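Derivation of every value follows stated rules applied to the coordinates shown; laboratory data play no part. All of these numbers come straight from a predicted model, not from anything done at the bench. All Cβ positions, even for glycine, are placed from backbone atoms using ideal geometry, and neighbour counts span all protein chains on display.
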Amino acid sequence: MNMKSIKLLTRRARLAQFALALPLLLGNLHNTAQAANETAKPTYPNKTVRIIVPFGPAGVADALPRIVGQKLSEKWGVPVVIDNKPGASGNIGMTAGILAPADGYTLTLAPTGNLTVNPTLFPNLSFDVKRDIAPITVLGESPNLLVVNAKVPVKNLDEFINRAKQSGVSMSFGSPGTGSGPHLAGELLNQIAGTHLLHVPYNAMALAMNDVMGGTLDSMFVASAISLPHIQSGKLRVLAVAGAKRLSQLPDVPTVAESGFPGFDVTSWYGIVVPKAVPQPIINKLHQDISEVLKMPDVRQKFAALGVTPVGSSPQEFSAMILNESKKWGGIIHAANIKPAQ
């Protein structure tokens, strides 16, 4: 074999080696570029996060996201601002939150009614809970109490129901509005106890409760945080806890379920949701970080002062809760033929 042939074979061998090595080289270049890309991506969150509250700047629904938002801001190193958007029974704020960009920078505070009552009460909403919402977690829950004016001659739920069924006796219950939690709680009691309590809607919880204390109304279901001071002062008498468990502040007061109506549970809860298309890694981070905040002793103390128990449920648990309660409240709305106030 002459020198020319040897050189030709050597060149072919080198070309073959290069061809074999080329895919590996390209793969390494791709991995390097991808790693550089990932490094260049900003960590979430890297700018202001907004929490929309579909009610005005007062009450438990406003206080909870402020408490949690402050802690998240400290954890993330970015501002977390509360954006109150009241109106239309919370539907204005909910719509704004759900139709916001799905980038994780807009969260929405979603109370019980906005996710499980309003979709039935207002059939023309511009969003669908199942299609458009990704649940993150439940911040906390608070049971309602059945209270009466201190002059109503009943000491417990059994006496209350018996009096409501007496011939010639008309008893009333108030609420902060048609379709509100206290309204539906009263309708649920009517359905399972066979009573005909007259519903009197108001524009605010405080107005209804003032009329119960003043004797214009007989009763109402009301959040424990709001009613406890008036129970302790003697202006209101509590007959039963509407939640699944007794309250530590009222250990001798039975639940409605214990009083003869198993399964009765009217608990107000407050969740955080985002638009459905928010990426799963962001949903996971939001859940993890909010859950950590809810375990902080000072946060739990502030929640307790509001009569709220921290929860921190998983997105899956929250989703199941929404589904179950939507069925329950939807059935009550249809059975009582409840229509939204005009």
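Summary table below
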{"read-out": "Whole-Å semi-axes of the ellipsoid equivalent to the range 93-145 (Cα gyration tensor, √5λ, descending)", "value": "20, 16, 8"}
{"read-out": "Nearest 10 degrees, 0 to 90: helix 280-294 Cα axis against the chain principal axis", "value": "50 degrees"}
{"read-out": "Net charge contributed by nearby residues that have their C-beta within less than 13 Å of L189 (K/R +1, D/E -1)", "value": "-3"}
{"read-out": "Over the range 143-241, relative contact order from alpha-carbon pairs under 8 Å, at least 6 apart, %", "value": "47 percent"}
{"read-out": "S73/K165 FRET efficiency (R0 45 Å; Cβ-Cβ; nearest 0.05)", "value": "0.25"}
{"read-out": "Gyration tensor over alpha-carbon atoms, the range 177-219, equivalent ellipsoid semi-axes in Å", "value": "19, 13, 7"}
{"read-out": "Matching label, Cα Rg over 2.2 N^0.38 Å computed from the structure shown, candidates [x] 0.95; [y] 1.41; [z] 0.99", "value": "[y]"}
{"read-out": "Virtual spin-label span in nm between R300 and R66, 7 Å along Cα→Cβ", "value": "2.4 nm"}
{"read-out": "Residue (of Q288, T120, V212) at the positive-pole extreme of the chain, dipole from beta-carbon charges", "value": "Q288"}
{"read-out": "Placed amide H near L145: partners under 5 Å, 5+ positions off or other chain", "value": "V222, A223, S224, A242"}
{"read-out": "For the range 143-241, Kirkwood radius (reciprocal of mean inverse C-alpha pair distance, Å)", "value": "13.0 Å"}
{"read-out": "Under-5 Å amide H pairs with K85, H placed in peptide plane, nonlocal only", "value": "V53, F55"}
{"read-out": "Crossing angle, helix 315-335 versus the chain [Cα axis fit, 0-90 degrees, rounded to tens]", "value": "40 degrees"}
{"read-out": "Charge dipole magnitude, Cβ of K and R +1, D and E -1 - the range 143-241, Cα centre, debye nearest 20", "value": "200 debye"}
{"read-out": "Dipole magnitude of the chain about its Cα centre (Cβ charges: Lys, Arg +1; Asp, Glu -1), debye to nearest 20", "value": "1640 debye"}
{"read-out": "Centre separation in Å (Cα based) which lies between the range 164-189 and the range 295-342", "value": "20 Å"}
{"read-out": "Amide H partners (placed H, <5 Å) of T255, local residues excluded", "value": "V241"}
{"read-out": "The chain: relative contact order in percent, alpha carbon pairs under 8 Å with at least 6 residues between", "value": "23 percent"}
